[in-house]
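Notes follow once the structure below has been shown.
The values are calculated or read from the model by the stated rules, or taken from the named source; none is laboratory data. Note that the coordinates shown come from a computational prediction; the quantities given were computed from them, not determined experimentally. Cβ placement follows ideal geometry from the backbone for every residue including glycine, while neighbour counts extend to all protein chains displayed. The protein model used for the area step is the full one, side chains on, heavy atoms only, and it has no ligands, DNA or RNA in it. Shrake-Rupley method; radii C 1.70, N 1.55, O 1.52, S 1.80 Å.
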Amino acid sequence: MVASLKAGDKGKIIDISHVGNLVQRRLLDLGITEGSEVCVKCVMPFGGPIMIESCGQCVGIRRREAVQIEVERI
Amino acid sequence: MEIALIGNPNTGKTSLFNNLTGSYAYVGNWSGVTVEKKVGVFKNNIGHLIDLPGVYTLNPLSKDEGVVTSFFLNESVDRLLNILDASQLERNLHLTLQLLEFEKPALIGLNMIDVANKRGIHIDSSKLSEILGVPVVPVVARSGKGCDKLVDVIATKSMQPTKKNLVYYGKEVEEAVTTLTGELKGKTSHSARFLAIQYFEGNEYVKNYVNSIADTQKLNAIKANLELKLQKQYDSKSLANFIYLKRKEVIENIVAEVARKSNSIIPLSEKIDSIVTNRYLGMPIFLLLMYLMFMLTFDWLGTPLSDTLDALLTGPVTNGFETVLNAIHASAFIHALIIEGLIAGVGGVLVFVPQIFILFFFISLLEDSGYMARVALVMDRIMESVGLNGKAFIPMMIGFGCNVPGIMAARTIETPRERLLTILLTPLMSCSARLPVYALFVGAFFAGNKAFIVLSLYVLGIVVALILAKIFSTTILKSETSLFVIELPPYRLPQFQSLWRSTWDKGKGFVRKAGTFIFAGSVFIWLLSYAGPGGLNVDMDHSFLAKIGNVIAPIFAPIGFGTWQATASLITGFLAKEAIISTMNIIYFVPNDASLQGLLANYYTPLSAYSFMVFILLYIPCLATVATIYKETNSKKWTAFSMIYAFAIAYILSLIIYQGGKLFGWV
C-alpha cells in the first residue's frame, strides 16, 4: 500500500478499488488510477496526509486512503 | 459573441482571462479559485468572455463544478475556449474530448508551453489541431505571449469542429448511444450524443435534464441493458470506468503523436516543497510566516503609515474644512455635521486603509505563489481531527481579509457537511474590518505589545472555530463522509502587477464602504446623537442614541462595558464592523485635540477593553456576511443559527474573561 512507502519510494498502483467512491473519482480525474506510477514526496507527521507525485503533478491524499491503495514497489 | 473559457483547475485560466479581457478578475493558485461566474469584455470588443470554474470533467463532484455543467445545459454560448496545460496534456484532454462531443465551435489555447519545455515535453500544436479538428494556439498566459494570436483566431476563423466522434466507445456503447439519441430526437437543441454519453457516465445534471424531456423508464432501461452487456462481455467495473478507459486509449494515441520528450530539469517546486511541507518544519514555517505577516501589518509598516494618515486627517484636512466652512458662513448645524459627523466618522475608518491593504497584499501573495494549497495539506491533520478538512483552512485564511469571499471560497469543499461547517465557522475569523477596532484599543491600552495582543485575538478566533467544529461535527452535523484530495500546483513567482491588482480588488471594497455605508451611517448616528427628546443640539447623554443604548446596556454590564456608548456602537457594528469605530469617533467627539484613544481610558479598563475586543471578534457576523451565508446555505435555519451561536459564544467568552480577570485582580 502507498502508506507503507517512504519518502522517495516509487510504486505502481495495482488496486485502487477499496478506496471510497468520491476519492477514487477525484484521483481518476487527476489521472491517478490502476497502472499509474506514483512517487511518495513526503509524509506529514502524526498520521497526516501523504504527498504523492504522479505524471509530473503533486497531489495530497489522506493516510486513510493511502492505506487502501495497493501498490507494487518499483 | 459569447465565448466560454473552460479548463482544468490550475491551468492558468484566470491569467488568460485577465490577459484577454482588459478587465481584471482575480489570480490565485488554489484549486478552483474561480468560484463565481465572471464575464469580461474582450480587449478588442469582439464579444464577452465567460470565466467558468476549473473542472477536470463535465461530470461534477461538487457544487462548484456543477456550475459548469448547468451552464452547458441551460445557457447559450457561441464558442468554447478550452485552455490546456501543455505539461499535463493527458489529464487535460479528458475534458477536451467531452467538450468536442458537445459539438459547439471550439478552439484550444495550449498554455504553459514554457513549463512543458522545461520538463522536456515538446508539443506539436499544428498536429494536435489536425487530430482534434479545431484550432490550437500555443500561449503563455502569465506573460501574455500568444494572446494576440488567440484573439485573432477567435475573431476570424470558423471553428465548427471538423471531426465528429473522435472517440469510438465500442460497438455496445455506440449502439446504446444511437438508441438513446432516438429517444431524445427533436426534444433538445444540444448534441444528443453528448447527452447520451454524459448520461451513461452517471452525470447527475444531465440525468435530470434528459429525464425532464424524455421517458425516464425507457432511458433507465437502455442504460441498465448496456451495463449488463459490458459486464458480461468485458467484465468491466462500471459503465463510467469503461467510457473513461476508451477515452484514455484515444488520448494515449494522440499524445504519442504530438508530444516528444527529452531530458528534463528538476523543477524548483520540489526543492521548495522539501522544506515548506517538511515533516517537522512545515508547521513552524507556517506560524513564522503568519507572525511576520502580523508584525509587518501592525508594527513595522502598517502603524507608521496609519499614524501619518491620521495626522494628515486631523490636522490639515480638518483645518481645511474649518476654513471653508467659516468662509461660506455655514450654519452651526452644517458645521457640526461635517466636522463632528462626517470627518470623525469616515476619517476614523479611512485611517486604517494602509493596514488593511498590507494584510490583503499578504493574502494575495500566499494565494498567488501556490503556498495556500500547501497550507491546506499541512493543516489537514488538525482539521480532520475536529471533523473538518484541510481545504476548510483556505476559506478561513481568506476570511481574515473579509468573511464574504471566505464563505464563498467554501464552495470548493466537495462534501456538503464539511462545506456547511466551514461556512458556519468562517465568520469567527477576524476580518480586516474588525482590525480598526483592535488597532484603536491596543493603541490605548496595550501600547507595549500591540502585535501580540492582536495576534492573540486572531488565534482565539481560530481556536474557538476548531473547538466548535469538533462540537458541531459530533452533534448536529454528524456524518462519516469526508473527501480530501488536493492538487498542489507548482510554485509560481508572483508577478507584482497581478499582486497589486488583486490587493486593490479586495481592498477597494473597504474604501468604497467607507464612502457609502459608513458615510451614510455616520450621518445617521451623528443625527441620533445630535437630536434628542429635548430638541436639537442636546447634550449627548440626553440624545436619542443614549436613550436607545441605555435600554440594552444592562445586558453588557456583566461583561465589562455596560455603557450606552458601547451598546450603540455594537448595534451599528452589525451593519459593518468598522462602523464601530465611526460611531465611537462621533460619540466621543471632543472639539479640542484630545484623541479618542486618550478618552477611552475614562470608559474602559484594560480588562474590559480586552473583553470588548473579544466580543467584537465573535459576536454576530456583519450584515453582508449574514446575507452571504443565507445565499450559500439557502437555509433560514442555518443563517439564524450562525447569528445566534456566535452571539452566545461571544457573550460566554467575554463573561469568562471579564469575571475571571476580576477574580485574579486584573483590572
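Structural remarks
- Hits in segment B:509-540 (condition: among the charged types (D, E, K, R) and surrounded by 13 or more Cβ atoms within 10 Å (Cβ to Cβ)): B:Lys513
- Residues that are modelled with pLDDT under 85 and under 26 Å from B:Tyr630 (Cα atoms), drawn from segment B:368-394: B:Ile394
- Qualifying residues in segment B:472-499 (those that are surrounded by 13 or more Cβ atoms within 10 Å (Cβ to Cβ) and assigned to a helix (DSSP H, G or I)) - the one nearest to the other protein chains (Cβ to nearest Cβ): B:Ser473
- Residues in segment A:7-30 that are more than 8 Å from chain B (Cβ to nearest Cβ), open to solvent by 20 Å² or more (accessible area, probe 1.4 Å) and modelled with pLDDT of 85 or more: A:Asp9, A:Lys10, A:Lys12, A:Ile14, A:Asp15, A:His18, A:Gln24.
- The sole residue among B:Val136, B:Val153, B:Val140 that is under 22 Å from B:Arg247 (Cβ atoms), among the β-branched types (Val, Ile, Thr) and away from chain A (no Cβ under 14 Å) is B:Val136.
- Residue selected from segment B:1-15 under the condition of a type in the set (A, V, I, L, M, F, W, C) and open to solvent by less than 20 Å² (accessible area, probe 1.4 Å), by the criterion farthest from A:Asp29 (Cα to Cα): B:Ile3
- Filter result (open to solvent by 10 Å² or more (accessible area, probe 1.4 Å), among the aliphatic types (A, V, I, L, M) and not in a helix (DSSP H, G or I)) within segment B:363-392: B:Val386
- Flag for A:Glu72 being more than 7 Å from chain B (Cβ to nearest Cβ), part of a strand (DSSP E or B), in contact (Cβ under 8 Å) with a residue 12 or more places away in the chain and under 26 Å from B:Ser62 (Cα atoms): no
- Among the residues listed as B:Gly562, B:Gly461, B:Gly509, the single one being assigned by TED's automatic domain parsing to the domain that holds B:Met293 and either in contact with a strand residue (DSSP E or B) (Cβ under 6 Å, 6 or more places away or on another chain) or in a loop (DSSP other than H, G, I, E, B) (or both): B:Gly562
- Out of B:Leu623, B:Leu653, sole residue that is open to solvent by 30 Å² or more (accessible area, probe 1.4 Å), hydrophobic (A, V, I, L, M, F, W, C), in the same structural domain as B:Ser543 (by TED's automatic domain parsing) and without any contact (Cβ under 8 Å) to a residue 60 or more places away in the chain: B:Leu623
- Looking across segment B:70-95, the residues that are within 14 Å of chain A (Cβ to nearest Cβ) and surrounded by 18 or more Cβ atoms within 10 Å (Cβ to Cβ) come down to B:Leu84, B:Asp85, B:Ala86, B:Ser87, B:Gln88, B:Leu89, B:Arg91, B:Asn92, B:Leu93, B:His94, B:Leu95.
- Filter result for B:Leu488 (closer than 23 Å to B:Glu384 by Cα, under 19 Å from the mean Cα position of the chain (by Cα) and not assigned by TED's automatic domain parsing to the domain that holds B:Met379): yes
- Boolean, B:Ala256 is under 40 Å from the mean Cα position of the chain (by Cα) and open to solvent by less than 30 Å² (accessible area, probe 1.4 Å): no
- Answer residue from segment A:31-41, given it is surrounded by fewer than 21 Cβ atoms within 10 Å (Cβ to Cβ) and either assigned to a strand (DSSP E or B) or at pLDDT 90 or above (or both) and is farthest from the other protein chains (Cβ to nearest Cβ) among those: A:Glu37
- Residue list for segment B:393-416, restricted to those being open to solvent by less than 10 Å² (accessible area, probe 1.4 Å) and within 14 Å of chain A (Cβ to nearest Cβ): B:Ile394, B:Ile413, B:Thr415
- Within segment B:626-650, no residue that is closer than 20 Å to B:Leu575 by Cβ sits with its Cβ atom under 7 Å from a residue that is outside any helix (DSSP H, G or I) and polar (S, T, N, Q) at 6+ positions apart or across chains.
- Lone unmet requirement of (1) under 17 Å from the mean Cα position of the chain (by Cα); (2) under 19 Å from B:Phe647 (Cα atoms); (3) basic (Lys, Arg) for B:Lys470: (1)
- In segment A:14-46, the residues that are within 11 Å of the chain's Cα centre (by Cα) and of a type in the set (Gly, Ala, Ser): A:Ser36
- Within segment A:46-67, considering residues that are open to solvent by 20 Å² or more (accessible area, probe 1.4 Å) and of a type outside the set (A, V, I, L, M, F, W, C), the one farthest from B:Ser385 (Cα to Cα): A:Gly56
- Condition check for B:Asn253: at pLDDT 90 or above and more than 22 Å from B:Leu97 (Cβ to Cβ): no
- Selection of segment B:438-458 for residues being among the hydrophobic types (A, V, I, L, M, F, W, C), outside any loop (DSSP other than H, G, I, E, B) and touching a helix residue (DSSP H, G or I) at 6+ places or on another chain (Cβ under 7 Å) yields B:Ala439, B:Leu440, B:Phe441, B:Val442, B:Ala444, B:Phe445, B:Ala451, B:Ile453, B:Val454, B:Leu455, B:Leu457.
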